[in-house]
1. Of all residues in the stretch 218-264 being among the β-branched types (Val, Ile, Thr) and assigned to a loop (DSSP other than H, G, I, E, B), which is nearest to residue 174 (Cα to Cα)?
2. Taking the conditions exactly as written (in contact with a Pro (Cβ under 8 Å, 6 or more places away or on another chain), at pLDDT 95 or above, under 30 Å from residue 257 (Cβ atoms) and not in a loop (DSSP other than H, G, I, E, B)), does residue 133 satisfy them or not?
3. Let me confirm something: among 163, 153, which residue is farther than 30 Å from residue 67 by Cα, touching a strand residue (DSSP E or B) at 6+ places or on another chain (Cβ under 7 Å) and assigned to a loop (DSSP other than H, G, I, E, B)?
4. Is it true that some residue in the stretch 256-269 is over 24 Å from residue 399 (Cβ atoms) and of a type outside the set (Ser, Thr, Tyr)?
5. Answer yes or no as to whether residue 126 is outside the structural domain of residue 214 (by TED's automatic domain parsing), farther than 29 Å from residue 222 by Cα, surrounded by fewer than 16 Cβ atoms within 10 Å (Cβ to Cβ) and at pLDDT below 95.
6. For the stretch 365-411, what are the residues that are modelled with pLDDT of 95 or more and charged (D, E, K, R)?
7. So which residues in the stretch 196-217 are surrounded by 10 or more Cβ atoms within 10 Å (Cβ to Cβ) and either assigned to a loop (DSSP other than H, G, I, E, B) or acidic (Asp, Glu) (or both)?
8. Kindly indicate which of 233, 205, 191 is assigned by TED's automatic domain parsing to the domain that holds residue 254, of a type in the set (Val, Ile, Thr) and at pLDDT below 95.
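The values are calculated or read from the model by the stated rules, or taken from the named source; none is laboratory data. All values reported here derive from a predicted model rather than from experimental measurement. As a convention, Cβ positions derive from the backbone with ideal geometry for all residues, glycine included, and neighbour counts pool all protein chains shown.
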Amino acid sequence: MVQLLNHAQPGDVITAEDWNLVVDAINELLQAGQTTGIKVVNVVPPGNALDPFKIGSLVQVIGQNFGFSIGQSKVIFEAGPTSVTVLRAQMLAGSFDERLMFIMPPIPGITPAGLTMTMRVDNGVASDNRTVFVMPVVISLIGDIFVGWRADVNPNPNPNPIVSTQPAAFAFRLQSGTNIPATYDLSADIINSSVPVPAGLVGSIEFRENNNVIASKKIEMGKSEIRDIVVRIPQIPVAFIAGTTFTLKVTATSGIVTGTDQRSFTVGTTVPQQDTKIDVIQLQPQIFIVLSGNNETDPNNGRLDGSTIKLKTGRQMVIPFNVKLLQQGIYQITIQAKQGTTLTGWGPALVDSPTSIKVDTDNDTSTKLLQFGVITSTAQPPTPTGTVVFKIKRDGAPVEFSKEFGVQLLQ
């Protein structure tokens, strides 16, 4: 026979032990009335790979006999040694015995790829399980990564000029401007060579920082950070005799954020040094439909792919730059087809920018907005590919700023 509780007599002291006996008895009665028939009928979102539970987002579990009204509900997420529990006190207003609502809690160690977990809903007597897929909070990377030729390194390249059968090092500067830190994949390619590129040459190209090889060809950068790297070709091929021309294309990519610099070199010919008094930051391009003047939003019709301008006919791309001219003088600004190339049906021109700028004093740190545009003709078929060069040069100076952009016609 079950032992009954004793009645209190007038004047008796009610101790904690006495009160706990009462609480235990009440809990036993409540649990006795709580059926073991707990069941999860549905979850919102579905918790699959297409529509997962997202950390920090609302989750609803619908079913029966969850034990919410007697304070016994809890939801446990498990995956191997990882276990996270949502207690009844953490559940949101609107929860009851047939519906539990809560914010998906953080999962220690979860990766961006997500995690398959067992969700166990417990009412203090029994539980029901369901397999769910959980994703972390994913913040998309937006912004820019700029790959620039270093004007402050001399010689650049090293040696200058490039010599057949010898190594060659090229100094670049990476500058990030993004909403979150990111890891960038580094790649280099040799294109537009006047002689065949030997097999294995591109794969042999090294990336270095502080003279240490970046074996992973990846570099981590903060939201606003500058890093200097060297791209090194261990040996210029024997076939690259004096007079051989080629273009070195260097790219840094993380997700949809890409930056590229491409430059042409001639073996045996000295490369002009860049002007250290010209500071240039490239901004995001805009693309327009020439006939209407409206923005082109379809990347299949126009986009900047690294440093290659890709357009269908009847489109215009405008690329802006923030420029600081730090030495007194008159600067000439040009955009034109690369010397020695023919570019039919492409119209490179400055846009709302002067062809020359006078700077009255040294160390003028004011920022000037310069823009150039490239239009693809509808009247004559544009050549499939080509190269344009954006250049800023101070009168009388032996150095300049220049940057090449490839152009490619989209079909």
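1. In this case the residue turns out to be 256.
2. Details: in contact with a Pro (Cβ under 8 Å, 6 or more places away or on another chain): yes; at pLDDT 95 or above: yes; under 30 Å from residue 257 (Cβ atoms): yes; not in a loop (DSSP other than H, G, I, E, B): yes.
So residue 133 passes the test.
3. Values: 163 fails: touching a strand residue (DSSP E or B) at 6+ places or on another chain (Cβ under 7 Å).
From the options 163, 153, the qualifying one is 153.
4. From the stretch 256-269, those over 24 Å from residue 399 (Cβ atoms) are 256-258; that's our starting set.
The next check asks that each one be of a type outside the set (Ser, Thr, Tyr); those that pass are 256-257.
Yes: the stretch 256-269 contains one or more residues that are over 24 Å from residue 399 (Cβ atoms) and of a type outside the set (Ser, Thr, Tyr).
5. Numbers: outside the structural domain of residue 214 (by TED's automatic domain parsing): yes; farther than 29 Å from residue 222 by Cα: yes; surrounded by fewer than 16 Cβ atoms within 10 Å (Cβ to Cβ): yes; at pLDDT below 95: yes.
The answer is yes for residue 126.
6. 368, 391, 393, 394, 395, listed by residue number.
7. Residues satisfying the conditions are 197, 198, 205, 206, 209, 214, 216, 217.
8. Numbers: 233 fails: at pLDDT below 95; 205 fails: at pLDDT below 95.
Going through 233, 205, 191 in turn, the sole match is 191.
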